[in-house]
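To start, the structure under review is shown below, and the notes come after it.
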Amino acid sequence: MSSATDSVAWAWPAEVPSVATARHAVDAWLRTLETPAPPLGDVALVVSEAVTNVVNHAYIGLDQGEVRVELSLNGSELALVVADDGTGLRPRPDSPGLGYGLALMVAVSKRFEAQTVEGSGTRLCAWFSRDAAEATLPSA
């Protein structure tokens, strides 16, 4: 990423307290860029969901690892990456969640991509428009 002013990256242990820590760090950084709402709340929601997925799913049967969060600004587009080095994205019948997290992340982002390699981790990428009018879903 190019500079401290238009990108940032963090890493935390894949533990429950890191969900709120990640959400607050992302929110604080976006506010320094005067990011409007939306997409401010949408980005925070995706961070919470994605980091929660890492905490609940990524390191099952492994030593606890970390979750990495990166944000970058490219013109009017904001890119978010949440990554881990866990077991990869796969169904889990004993999941503690309802299973709506991925669908929710897709719904609030402009574009969404999930990449996984069995045993090598998962990388979720979401893009958001910084234009509040463009980031707002049309009413039905």
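Nothing in this text is a laboratory measurement; each read-out follows from the coordinates by a stated rule. Everything numeric in this text was worked out from a predicted model, so none of it was measured. All Cβ positions, even for glycine, are placed from backbone atoms using ideal geometry, and neighbour counts span all protein chains on display.
How far, in degrees from 0 to 90, does helix 17-32 lean away from the longest principal axis of the Cα atoms of the chain, to the nearest 10?
20 degrees
What full-extension length gain, to one decimal in nm, is calculated for VAL106 and ASP131 as 0.36 nm per residue of separation minus the Cα-Cα distance?
7.2 nm
Based on DSSP loop calls and a cut-off of at most 16 other Cβ atoms within 10 Å, the longest stretch of the chain free of exposed GluC sites (Glu not before Pro) is what?
With a cap of 16 other Cβ atoms within 10 Å, the longest stretch comes to 35-117.
Just want to confirm a number: the relative contact order over the chain, from Cα pairs under 8 angstrom separated by 6+ residues, in percent.
27 percent
How tilted is helix 40-53 with respect to the longest principal axis of the chain? Cα atoms for both, answer in degrees (0 to 90, nearest 10).
Tilt of helix 40-53: around 10 degrees.
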